[in-house]
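Down below is the structure, laid out as C-alpha cells.
Just so it is clear, none of the values below were taken in a lab; they were calculated from the coordinates. Every value quoted in this text rests on a predicted model; they were computed, and no experiment measured them. Cβ placement follows ideal geometry from the backbone for every residue including glycine, while neighbour counts extend to all protein chains displayed.
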Amino acid sequence: MSRLALAALGIALAATAAAEPPPRHDYVLHCAGCHKLDGTGSARVPALIGVDRLLARPGGRAYLLGVPGVAQAPLSDARLAALMNWIAGSFGDGVPQPPFSGAEVAHLRTTPLRDPGRVRASVLAGMDGGGDPAEAAGSLSR
C-alpha cells in the first residue's frame with residue numbers, strides 16, 4: 001500500500017473515531033428508556049443515582065457489566081466502557097477508579113446474568129450476608 005493510501009486511511013479512521021457520539025447520546029438511546037433520563041429508574045428498574053455505592057462493593061463492576069441490557073448493548077467494548085464511566089460520573093460521585101476499560105468490558109460482558117436482581121441484592125448485602133437488607137432490596141438512591 002502506498003504512503004498516500006496509508007495516510008488517507010489514517011485520516012478516514014481518525015474522522016470515524018471523532019464522529020462517534022458522546023456517551024450521553026448512547027445513554028439516551030440504550031438506557032434512558034428503562035432508567036429514565038434522570039436515572040431514577042422505576043418500580044421494576046433500579047435507579048442509577050448513587051451507582052458509585054454499588055461500584056465500591058466487591059462484585060459491583062462485574063454485576064453492572066453482566067446486567068443483560070448492558071452485556072448485550074449493541075456498542076463496542078470501548079464505547080460501552082465510556083458509557084459506564086459517564087453513568088458513574090453523572091449519577092454517582094465520579095468516574096470509578098480505575099475507570100472502566102474496553103478490555104474489562106470485553107471480559108465481563110461475555111455472560112449476561114440470568115437473575116440480575118438476585119445478584120444485585122447479593123452485591124449490595126455483601127457475600128457474607130452483611131449489609132442493609134432494605135438497601136439490597138431497594139433503590140441505590142436511598
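Per-residue extension of 0.36 nm, minus the Cα-Cα distance of Ser101 and Ser76, leaves a gain of 7.9 nm for this segment. Once C-alpha pairs closer than 8 Å and six or more residues apart are averaged by separation and normalised to the residue number of region 21-137, the relative contact order reads 26 percent.
Counted by Cβ distance under 12 Å from Ala62, the other residues give a net charge of +3, where Lys and Arg count +1 and Asp and Glu count -1. Placing +1 on each Lys and Arg Cβ and -1 on each Asp and Glu Cβ, with no other charges, gives region 21-137 a dipole about its Cα centre of roughly 260 debye.
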